Amino acid sequence: QVQLVESGGGLVQPGGSLRLACAASGSIFRIDAMGWYRQVPGKQRELVASITSGGSTNYADSVKGRFTISRDNAKNTVSLQMNNLKPEDTAVYYCNSRARSSILDLFKEYWGKGTLVTVSS
């Protein structure tokens, strides 16, 4: 199994910045895509940004130009640099990965427990 642990959430004023980090550990044979999702109460979880093992990125329109996703394949980590934060970015942010635990396993989707980001003055 693969475990994902997020860090870096917190309270920030509008216009401020935060950096989220996620580390994958456990039985890891290969990690394909990694990404960040967010969810607010009463709404569906939505994709914020994703990155493939080759470095191709995808962003939600609402964060383009403000957020940057990056990953370190050697360390099995993914980060999300969030700049010019807005109150509407307030949510629980979840790390996601598509990974195989061994050569015999299929790719499975894994989730972290989430980290709260609050943007407020």
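Bear in mind that the values in this text are calculations on the coordinates, not laboratory data. Treat the numbers as computed from the prediction; the structure is a model and nothing was measured.
log10 I(q)/I(0), Debye, Cα-only the chain, no solvent, q = 0.18, 0.23 Å⁻¹?
Rounded to two decimals, the profile gives -0.87, -1.33.
Pairs of alpha-carbon atoms within less than 8 angstrom and 6+ residues apart define the contacts here; what relative contact order does the range 1-113 have, in percent?
35 percent
Taking θ = phi - 60°, what integer Hz values does the Karplus form 6.51 cos²θ - 1.76 cosθ + 1.60 yield along the range 23-29, in sequence order, with x for Gly and Pro?
Working through the residues one at a time gives 10, 9, 9, x, 8, 10, 9 Hz.
In sequence order, what are the phi-derived ³J(HN,Hα) couplings for the range 41-55 according to the Karplus relation 6.51 cos²θ - 1.76 cosθ + 1.60 with θ = phi - 60°, rounded to whole Hz, with x for glycine and proline?
In residue order, the calculated couplings are x, x, 10, 6, 5, 10, 6, 9, 7, 9, 8, 7, 5, x, x Hz.
Quick query: amide H of Gly16 versus all other amide H atoms, modeled in the peptide plane; which residues come in under 5 Å with a sequence gap of 5 or more or a different chain?
Placed amide hydrogens put Leu85 under 5 Å from Gly16.
Need the full-extension length gain, Ser25 to Asn73, defined as separation in residues times 0.36 nm minus the C-alpha distance. One decimal, nm.
16.1 nm
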